[in-house]
Amino acid sequence: MKQSVAELLSLRYQYEEIVRTFDIPENKRSGHINSLEWFKKYGNRKNRFREGYEEATNLCSSILIGARNLS
């Protein structure tokens, strides 16, 4: 299902709020596409047991899929 830009921005905000306490490089905490792709690939290294990790990965996937569908 196609998501609006507003929906994607809302998901991005939720994602950024969750990962701000995660152990990831400071430049990868934003909700930019490159950072989301990095998190999906490497975010599990020190964070898979942290509270909110599963939700963050779900949000990350939803944002990436939604962004692809906007193009």
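Specify which of the listed residues (ARG45, ARG68) is closer than 18 Å to SER4 by Cβ and assigned to a helix (DSSP H, G or I).
ARG68
Go through the residues of the stretch 47-69 one by one and say whether even a single one is at positive phi, at pLDDT 90 or above and not charged (D, E, K, R).
yes
Search the stretch 35-47 for residues being of a type outside the set (Lys, Arg) and surrounded by fewer than 16 Cβ atoms within 10 Å (Cβ to Cβ), and hand back the single one that is nearest to ARG68 (Cα to Cα).
GLU37
Could you identify the single residue in GLU37, GLU55 that is under 23 Å from LYS2 (Cα atoms), touching a Phe, Trp or Tyr at 6+ places or on another chain (Cβ under 9 Å), in contact (Cβ under 8 Å) with a residue 24 or more places away in the chain and of a type in the set (D, E, K, R)?
Answer to the selection: GLU55.
Anything in the stretch 1-34 that is in a helix (DSSP H, G or I), touching a residue at least 12 places away in the same chain (Cβ under 8 Å) and either acidic (Asp, Glu) or under 11 Å from THR57 (Cα atoms) (or both)? List them, or say none.
GLU7, TYR15, GLU16, ILE18, VAL19
Which of the residues that make up the stretch 53-70 are over 16 Å from SER30 (Cα atoms) and surrounded by 17 or more Cβ atoms within 10 Å (Cβ to Cβ)?
GLY66 - this is the single residue of the stretch 53-70 that is over 16 Å from SER30 (Cα atoms) and surrounded by 17 or more Cβ atoms within 10 Å (Cβ to Cβ).
Do you know which of the residues in the stretch 15-34 that are over 18 Å from ASN69 (Cα atoms), of a type outside the set (Val, Ile, Thr) and surrounded by 16 or more Cβ atoms within 10 Å (Cβ to Cβ) is modelled with the lowest pLDDT?
Filtering the stretch 15-34 for residues that are over 18 Å from ASN69 (Cα atoms), of a type outside the set (Val, Ile, Thr) and surrounded by 16 or more Cβ atoms within 10 Å (Cβ to Cβ), the one modelled with the lowest pLDDT comes out as ARG29.
The values are calculated or read from the model by the stated rules, or taken from the named source; none is laboratory data. Fair warning: this is a prediction, and the values are worked out from it, not measured in the lab. Every residue, glycine as well, gets a Cβ built from its backbone with ideal geometry; the counts of neighbours run over all protein chains shown.
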